[in-house]
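The values are calculated or read from the model by the stated rules, or taken from the named source; none is laboratory data. Keep in mind that what you see is a predicted model, and the values were worked out from it rather than measured. Note that we place each Cβ from the backbone using ideal geometry, even for glycine, and neighbour counts take in every protein chain shown. Calculation scope for accessible area: heavy atoms of the full protein, side chains included, ligands and nucleic acids excluded. Shrake-Rupley method; radii C 1.70, N 1.55, O 1.52, S 1.80 Å.
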There are 2 protein chains.
Amino acid sequence: MARVILIALGGNAIKQADEKGTSEEQFRNCWKTTKHISEIIKNLDKEDRLVITHGNGPQVGNLMVQQKLAEGIVPAHPMDVVGAMTQGQIGYMLQQTLRNHLKKLDLNVPVCAIVNQVLVDKNDPEFFGDKASKPVGNFLTEEEAKEMKKNNPDYIIKKVKPNGERCWRRTVPSPDPISNLEAEVIKKLVDAGVVVIASGGGGIPVLEDEEGNYQGIEAVIDKDLAGERLAEIVGANIFLILTDVEKAKINYGHPKEKALGKITFEEAKQYFEEGHFLAGSMGPKVKACLRFLENGGKRAIIASLDKALEAFKGDSGTIIEKD
Amino acid sequence: MARVILIALGGNAIKQADEKGTSEEQFRNCWKTTKHISEIIKNLDKEDRLVITHGNGPQVGNLMVQQKLAEGIVPAHPMDVVGAMTQGQIGYMLQQTLRNHLKKLDLNVPVCAIVNQVLVDKNDPEFFGDKASKPVGNFLTEEEAKEMKKNNPDYIIKKVKPNGERCWRRTVPSPDPISNLEAEVIKKLVDAGVVVIASGGGGIPVLEDEEGNYQGIEAVIDKDLAGERLAEIVGANIFLILTDVEKAKINYGHPKEKALGKITFEEAKQYFEEGHFLAGSMGPKVKACLRFLENGGKRAIIASLDKALEAFKGDSGTIIEKD
């Protein structure tokens with residue numbers, strides 16, 4: 001049976017935490033990342049299909065700083081538009097470097113990144129009161145936080161660290177992805193044998209207004225949860241989440257800490273419900289894996305980017321399977 | 001016979017010259033633009049196909065200003081990366097607004113913008129000496145021009161106006177587009193009935209280095225000439241260039257000035273060779289039309305965005321046909 005693989009790339013695949021984010025750095029990281037992906041493609045059969053998604057946190061952060069600093073001279077754009085820009089930027093870098101690797105390997109597989117909107121529900125709890133959960137942009141002092149609130153009365157600004165001078169941050173809704181607006185196009189591309197890069201940064205968040213029009217909204221969709229929706233669209237049977245750790249862990253930071261190898265869906269679900277995985281970090285990754293398996297997926301893997309091929313072969317990472 | 005139409009949108013389709021370029025403004029312009037396009041789609045037969053391309057000059061300009069002002073805090077990206085960002089931004093705006101119009105018209109036609117690289121020749125004359133011909137960014141004073149040159153020894157800075165305080169500008173190569181790197185993907189999408197938005201801003205300019213790798217280059221490709229390459233890929237028989245004037249003119253600004261209606265390929269070629277059309281303005285549009293007809297196209301139209309449907313029907317614009 002043909003395999004359909006969805007790869008979700010974490011932030012470290014494009015920008016390392018200690019880097020400023022120059023184009024050279026990001027191209028270098030993308031080059032390493034897509035080398036791993038090209039090795040997976042080399043191991044695929046002709047009928048197998050591959051789809052890629054990626055995060056965009058640091059890139060959105062950098063663009064927001066640039067937009068902010070130029071305000072008054074050039075208008076700043078809202079988060080949906082900035083998100084679209086990062087789909088262009090990161091899509092380009094991944095598309096170009098992956099194509100170069102495939103060319104070296106003499107593999108004639110077309111690659112293409114698309115601009116991609118993801119629908120969210122305007123009644124999602126994250127849009128109400130101060131339920132918004134995704135911190136974005138710089139850490140602020142209390143004074144800066146007050147100033148920002150004064151200039152942007154709609155903003156939700158939260159204290160995200162208990163102590164220190166800079167412990168405030170703007171926080172935006174992180175609604176659940178409902179569906180992918182370009183699902184039909186993605187399906188056509190995958191069926192035609194194209195390696196598609198889609199749903200970048202969790203997709204551009206849009207909602208349906210009263211007149212039935214889709215329109216962007218200031219929010220951030222979790223890229224692994226959006227990736228899971230993408231996996232459903234293309235009928236993926238393998239969901240490979242690549243990040244900066246080799247395995248998910250239970251009892252993290254405690255004496256009984258344990259890295260997870262091959263586990264069942266039930267075990268993963270139990271650990272998730274017991275709260276072993278951090279919100280905003282391993283939590284959504286495991287949640288996305290569980291959803292994927294519930295929706296008919298066969299194997300979900302959380303693994304280190306550096307061991308992508310081993311993980312794909314079943315020799316590394318946390319591997320969750322449904323019986 | 002099924003028609004394949006390629007529409008090339010000018011700058012005014014997304015940002016008016018007197019606007020600052022807020023998201024609201026650009027969405028409003030895109031809404032008007034895609035309304036015209038949706039009316040054309042309504043007039044198509046089921047087998048007809050449509051491809052869209054667009055400029056990105058003002059958007060690249062704004063992003064470059066933002067990147068420049070934030071330098072030292074966040075790294076600025078080169079022009080190929082900035083171009084990719086604008087493909088994301090503009091692709092998103094056109095894709096969303098066109099989809100909303102089609103939804104209202106109950107037309108179930110998928111729409112998708114892609115990230116798109118266009119190959120140029122490293123031996124293109126525009127890359128040598130001071131042959132670069134495309135001014136980008138702000139007008140500078142002589143002092144600012146000198147300062148920029150000091151900080152960026154590779155830059156070519158030219159005097160672009162004979163008089164006045166600010167008459168200098170950075171000038172980058174505008175090489176001829178050779179081929180579209182995502183041609184195969186675009187062809188597949190068009191064949192599958194998707195309205196594709198591609199080659200945005202003339203495409204992200206890339207060249208092939210000595211090792212055979214594609215890599216970006218600081219340049220700007222003319223969007224109409226790149227659009228013509230796109231038209232070749234998809235076998236377009238109609239090439240519709242939408243701009244801010246109703247017709248191309250000969251003897252522009254002279255007593256014998258004359259707007260052109262229906263003309264033959266030979267007439268257009270003669271006018272072009274006689275130098276009736278301005279470089280950087282109507283010149284490349286007419287050049288793209290001539291190339292299109294030489295390469296097997298049937299009908300090339302230069303028309304006003306506001307009269308897109310009339311022009312498509314043959315009732316407005318300068319219409320060039322080969323016998």
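Name every residue in the range B:40-66 that is under 23 Å from residue B:309 (Cα atoms) and touching a strand residue (DSSP E or B) at 6+ places or on another chain (Cβ under 8 Å), in order of residue number. Result: B:40, B:41, B:44, B:48, B:49, B:50, B:51, B:52, B:53, B:54, B:55. Cβ-Cβ distances below 7 Å connect the following pairs, each with a first residue in the range A:244-268 that is over 15 Å from residue A:283 (Cα atoms), a second residue that is open to solvent by 100 Å² or more (accessible area, probe 1.4 Å), and a separation of six or more residues or different chains: A:264/A:323.
Residue A:239 meets each of the listed conditions (1) part of a helix (DSSP H, G or I); (2) in contact with a Phe, Trp or Tyr (Cβ under 8 Å, 6 or more places away or on another chain); (3) under 18 Å from residue A:202 (Cα atoms) apart from (1). Restricting the range B:194-237 to residues that are in contact with a Lys or Arg (Cβ under 7 Å, 6 or more places away or on another chain) and farther than 22 Å from residue B:289 by Cα, the residue that is least open to solvent (accessible area, probe 1.4 Å) is B:194. Just one of the listed residues (B:122, B:104, B:131) is within 8 Å of chain A (Cβ to nearest Cβ) and surrounded by fewer than 24 Cβ atoms within 10 Å (Cβ to Cβ), namely B:104. Taking the criterion of being within 7 Å of chain B (Cβ to nearest Cβ), assigned to a helix (DSSP H, G or I) and open to solvent by less than 10 Å² (accessible area, probe 1.4 Å), the residues of the range A:58-85 that qualify are A:66, A:67, A:81, A:84, A:85.
Of everything in the range A:1-30 that is in a loop (DSSP other than H, G, I, E, B) and within 15 Å of residue A:50 (Cβ to Cβ), the residue that is modelled with the highest pLDDT is A:3.
Candidates in the range A:39-57 are the residues that are among the acidic types (Asp, Glu) and part of a loop (DSSP other than H, G, I, E, B); of these, the one that is least open to solvent (accessible area, probe 1.4 Å) is A:48.
Please identify the pairs in which a residue from the range A:26-46 that is small (Gly, Ala, Ser) has its Cβ atom under 7 Å from the Cβ atom of a residue that is open to solvent by less than 90 Å² (accessible area, probe 1.4 Å), counting only partners at least 6 apart or on another chain. Going by the 7 Å Cβ cut-off, the qualifying pairs are A:38/A:98; A:38/A:101; A:38/A:102; A:38/A:105. Kindly indicate whether residue B:157 is closer than 17 Å to residue B:221 by Cβ, surrounded by 14 or more Cβ atoms within 10 Å (Cβ to Cβ) and of a type in the set (A, V, I, L, M). Considered against the rule, which asks whether it is closer than 17 Å to residue B:221 by Cβ, surrounded by 14 or more Cβ atoms within 10 Å (Cβ to Cβ) and of a type in the set (A, V, I, L, M), residue B:157 comes out as no. Taking the conditions (1) open to solvent by 10 Å² or more (accessible area, probe 1.4 Å); (2) away from chain A (no Cβ under 12 Å); (3) in a helix (DSSP H, G or I); (4) at pLDDT 95 or above in turn, residue B:33 satisfies each one other than (1). Which residue is surrounded by the most Cβ atoms within 10 Å (Cβ to Cβ), if the candidates are limited to the range A:8-25 and must be within 14 Å of chain B (Cβ to nearest Cβ) and in contact with a helix residue (DSSP H, G or I) (Cβ under 6 Å, 6 or more places away or on another chain)? Applying the filter and picking the extreme gives A:14.
Any chance the range A:218-235 includes a residue that's among the acidic types (Asp, Glu), assigned to a loop (DSSP other than H, G, I, E, B) and out of contact with any Phe, Trp or Tyr (no Cβ under 8 Å at 6 or more places or on another chain)? Within the range A:218-235, one or more residues are among the acidic types (Asp, Glu), assigned to a loop (DSSP other than H, G, I, E, B) and out of contact with any Phe, Trp or Tyr (no Cβ under 8 Å at 6 or more places or on another chain). Inside the range B:107-119, can you point out the residues that are within 7 Å of another protein chain (Cβ to nearest Cβ) and open to solvent by 10 Å² or more (accessible area, probe 1.4 Å)? Result: B:110, single match. Do you know which residues across the range A:196-229 are within 14 Å of chain B (Cβ to nearest Cβ) and aliphatic (A, V, I, L, M)? Of everything in the range A:196-229, those that are within 14 Å of chain B (Cβ to nearest Cβ) and aliphatic (A, V, I, L, M) turn out to be A:196, A:197, A:198, A:204, A:206, A:207, A:217.
Filter the range B:159-176 down to residues that are among the charged types (D, E, K, R) and touching a helix residue (DSSP H, G or I) at 6+ places or on another chain (Cβ under 9 Å) and give me whichever is farthest from residue B:229 (Cα to Cα). Here the residue is B:165. Out of all the residues in the range B:139-147, is one or more open to solvent by 70 Å² or more (accessible area, probe 1.4 Å), away from chain A (no Cβ under 14 Å) and of a type in the set (Phe, Trp, Tyr)? Yes, the range B:139-147 contains a residue that is open to solvent by 70 Å² or more (accessible area, probe 1.4 Å), away from chain A (no Cβ under 14 Å) and of a type in the set (Phe, Trp, Tyr). The set of residues from the range A:1-22 being polar (S, T, N, Q) and in contact (Cβ under 8 Å) with a residue 24 or more places away in the chain comprises just one member, A:12. Among the residues here, residue B:49 qualifies as of a type outside the set (S, T, N, Q), within 23 Å of residue B:315 (Cβ to Cβ) and more than 18 Å from the chain's Cα centre (by Cα). Being surrounded by fewer than 24 Cβ atoms within 10 Å (Cβ to Cβ) and either aliphatic (A, V, I, L, M) or within 9 Å of chain A (Cβ to nearest Cβ) (or both): is that true of residue B:94 here? When the stated conditions are applied, residue B:94 does not pass them.
Filter the range A:174-193 for residues that are surrounded by fewer than 22 Cβ atoms within 10 Å (Cβ to Cβ), assigned to a loop (DSSP other than H, G, I, E, B) and more than 9 Å from chain B (Cβ to nearest Cβ); which is farthest from the chain's Cα centre (by Cα)? So the residue we want is A:178.
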